[in-house]
1. Can you say whether ALA184 is under 30 Å from LEU577 (Cβ atoms) and either under 25 Å from the mean Cα position of the chain (by Cα) or touching a residue at least 24 places away in the same chain (Cβ under 8 Å) (or both), as far as the supplied structure shows?
2. Output the residues belonging to region 163-175 that are open to solvent by 10 Å² or more (accessible area, probe 1.4 Å) and in contact (Cβ under 8 Å) with a residue 60 or more places away in the chain.
3. What do you reckon, is VAL205 among the β-branched types (Val, Ile, Thr), in contact with a Phe, Trp or Tyr (Cβ under 8 Å, 6 or more places away or on another chain) and at pLDDT below 95?
4. Looking only at residues that are of a type in the set (D, E, K, R) and out of contact with any Asp or Glu (no Cβ under 9 Å at 6 or more places or on another chain) in region 369-393, which one is most open to solvent (accessible area, probe 1.4 Å)?
5. Tell me the residue from THR401, THR396 that is in the same structural domain as ARG666 (by the TED database), surrounded by 21 or more Cβ atoms within 10 Å (Cβ to Cβ) and either closer than 30 Å to TYR297 by Cα or touching an Asp or Glu at 6+ places or on another chain (Cβ under 6 Å) (or both), please.
6. List, please: which pairs have Cβ atoms under 7 Å, are six or more places apart or on different chains, and start with a residue in region 242-254 that is in contact (Cβ under 8 Å) with a residue 60 or more places away in the chain and end with one that is crowded, with 23+ Cβ neighbours inside 10 Å and hydroxyl-bearing (Ser, Thr, Tyr)?
7. Does region 398-436 hold any residues that are assigned to a loop (DSSP other than H, G, I, E, B) and either closer than 30 Å to VAL523 by Cα or not aliphatic (A, V, I, L, M) (or both), and which are they?
Amino acid sequence: QDEEKWDFVLVSGIHEVGSEKEIKRKKFLDELSKKGFTIKKIEDEKLFYGVRAPKHIFQKYQWLLGNPDRRLQTLDVHHAVPATTRIRLVNFILQNTVTPDLEKLRDLMKKNVFEASFPLHEKEEVREFLKERWARWRDIFCQQPLEKIRCYFGEKVALYFAWLGWYTYLLGIAAAAGLVVFVAGITMFSSSQVSREICEANDTVMCPLCDQKCPFWLLSDTCTYAKVTHMIDNEGTVLFAMFMAIWATVFLELWKRQRATVVTNWDLYRWDEDEEELAMELINNLQHEPRRYQHSYFRSTVVLLLVLVMIAVLIGIAHALVIYRVVAVALFTQSSLELLREHANTAAVVTGAVLHYITIVIMTKVNRRVALYLCDLEKPRTFSQRENNFTMKIFTFQFFTNFSSLIYIAFFLGRINGHPGNYVRIAGRWRLEECHPSGCITDLFIQMAIIMLLKQSISNIMEFLVPWIRHKLRRRRQRPKKRSRMLGEEEEPEDPCKRQWRSNYDLNEVNIFSLFDEFLEMVIQYSFTTIFVAAFPLAPLLAFCNNLFEIRLDAIKMMRLCRRMVPRKANDIGIWLQVLEAIGILAVIGNGLVIAITSDFIPLQVYKYTYSPCMLGNSTGLDCSTGYINHSLSVFHVQDFEPHTKVPKTLPGFVRGEIREYRDYRNADDYSYTVQFWHIFAARLAFLILFEHVALCVKLIAAWYVPDVPQTVKNNFLDRKHKNLRKELRWVMPRGAC
């Protein structure tokens, strides 16, 4: 029959008759036949086996679970069962069918008995609609057809796109706010009193930035950099950081409401995953005994220790990046290129950021293997439990991979390097790098900008190009063989299934991690968008633009470039919601620390309200930050340089004597911290506690104010319960009663 429909296709190489692989393949197919499966064989360059399950399997499923798919509109006319349910159930049986040799399909694929197993992209109305109305770049601003996605790919994929669409929609608000803050900073580019003082500091001589070939220099040399710093580091940044903390909470609360509405429409709100898995186990094997819940403290302790070891390795890699930057600054300052010597710090930051991106790409692959190994050690009971355990581990590893270097720049750079005459050094030779004299926040801005741009641009290009090129190459490689075979067999009509199965096989392979990878990519992006957003207000805008393309890119991959995913039933995004909530808390802590420690906001406010002309009663219309730069510099005596430091020549017009050091509060005689330093330290600590408590209180109020479940959903369930109870009551009421 031309319109025969097959649930799954197994692909095998053409093995020698009587070989071990051929015998194992026959045993597996025989087991399927015993279960009533219809199997069709087509021979091409490979052996294709079409598999169709018997009707009684689906009747059992609907009977056991009370037909959970009864509200799904697009039923398969041949079997009266949704195609997504058929594929999911057949895949479960295929994966759990055991041969007499106690081997499952997974074991046979590892031994190359079978090369692939996949459901087919059918030429049906839903697929054509999705290809034309969803998986196209021209539909980038159009609403997604979630119901159609659900009917074709299942609930888990539909919920991913529902979440991604909702996240992108609300990112538009955060992107607009971040853009306003950034534009407001640009308007202050030349008007900031602090940057104006730096630009006018023509008589302030600063200490050399390295030990050997670096000269004394004037503070005014950093005029442009200072303007850029204060374009980012201003009062608007504090408000934006608070706004993003509230935004993250409201986003998650509104998503919970959106999710409740969506899954209620799908009649899955109270769906039980364990019950479904047990039902499928019994359908596959009536003698199946459920696997018991177990917990081993010894195994958990071993896994925890290995996780800590892995985190230590990732932090060690971050330290290696720090050492690279230290050595790079030392080498760049001794370069024969004048441009490189003058901008040694900036060059080290930029190249360090690129190197950080490369380590992220490499360690992502390593992290995956380690996380899978640790999951195998834990021996989870179900696939869902394994997926949750894997998610937590891979996210933890990826978080440290992506953010260890940023945490160092934000909170340690320039704060643990000592002072002139007593620098902290690596291996007693290279002194730790300092922040730029205009502040540390610009270094963090540059690092985040480079990593986000590289991750989003290169990753998206590779994510699309690699499957596209691979698909084209596979199709081109198969064409000549097809033609020669067709010419040699002109007398036989070609089986209508052959071309369809062949074209599906030529598509890119998908696996259980295909959707997981998309989620992980978006959650890491969400971390960048929220945790250090105080230093990079454009992060939400970059994420918003990226996601507009990401939605269509994922759609095109799924519909045109990859084999059909095995549909999975779900009623939420799983453990990812807990991960997002944890990121929301980290965002409050991270942004509070950035403003309190990295930013110049607190020292400037302490100066304004304690030491400025306004407080001394000398203000005659002056800006209260007047004199802040001079107040934040410390005096250093040239004769106190370390012995191995090569003291450079004095700048023309200046006398060898006192040289000022920027961004520190130390006494001129013994270089101990001044009273002002402790005032600022106390203010930083007070602000951090106040900011985090206020932000967390606002988050809690927002979570309380926005209910997780809309009242319409609650009322629907209330009406349904009431209706069912009335129906039950009719059976026990005596005849003639009203």
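1. no
2. Within region 163-175, GLY165, TRP166, LEU170, GLY172, ILE173 meet the criteria.
3. yes
4. Out of the qualifying residues, it is ARG369.
5. From the options THR401, THR396, the qualifying one is THR401.
6. Filtered contacts from region 242-254: MET244/THR530; ALA248/THR530.
7. Scanning region 398-436 gives PHE412, LEU413, GLY414, ARG415, ASN417, PRO420, GLY421, GLY428, ARG429, GLU433, GLU434, CYS435.
Each row is one residue, and each column tells you yes or no for (1) at pLDDT below 85; (2) under 30 Å from ALA245 (Cα atoms); (3) outside the structural domain of ARG259 (by the TED database); (4) of a type outside the set (Ser, Thr, Tyr).
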{"position": "GLU642", "(1), (2), (3), (4)": "yes, no, no, yes"}
{"position": "ILE659", "(1), (2), (3), (4)": "yes, no, no, yes"}
{"position": "TYR662", "(1), (2), (3), (4)": "yes, no, no, no"}
{"position": "SER672", "(1), (2), (3), (4)": "no, no, no, no"}
{"position": "PHE677", "(1), (2), (3), (4)": "no, yes, no, yes"}
{"position": "ARG684", "(1), (2), (3), (4)": "no, yes, no, yes"}
{"position": "ILE689", "(1), (2), (3), (4)": "no, yes, no, yes"}
{"position": "VAL706", "(1), (2), (3), (4)": "yes, yes, no, yes"}
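The values are calculated or read from the model by the stated rules, or taken from the named source; none is laboratory data. Predicted, not measured: the structure shown is a model, and the values here were computed from it. Cβ: placed from backbone, ideal geometry, glycine included. Neighbour counts: every protein chain shown. These area figures cover heavy atoms from the full protein model, side chains too; ligands, DNA and RNA do not enter into them. Shrake-Rupley method; radii C 1.70, N 1.55, O 1.52, S 1.80 Å.
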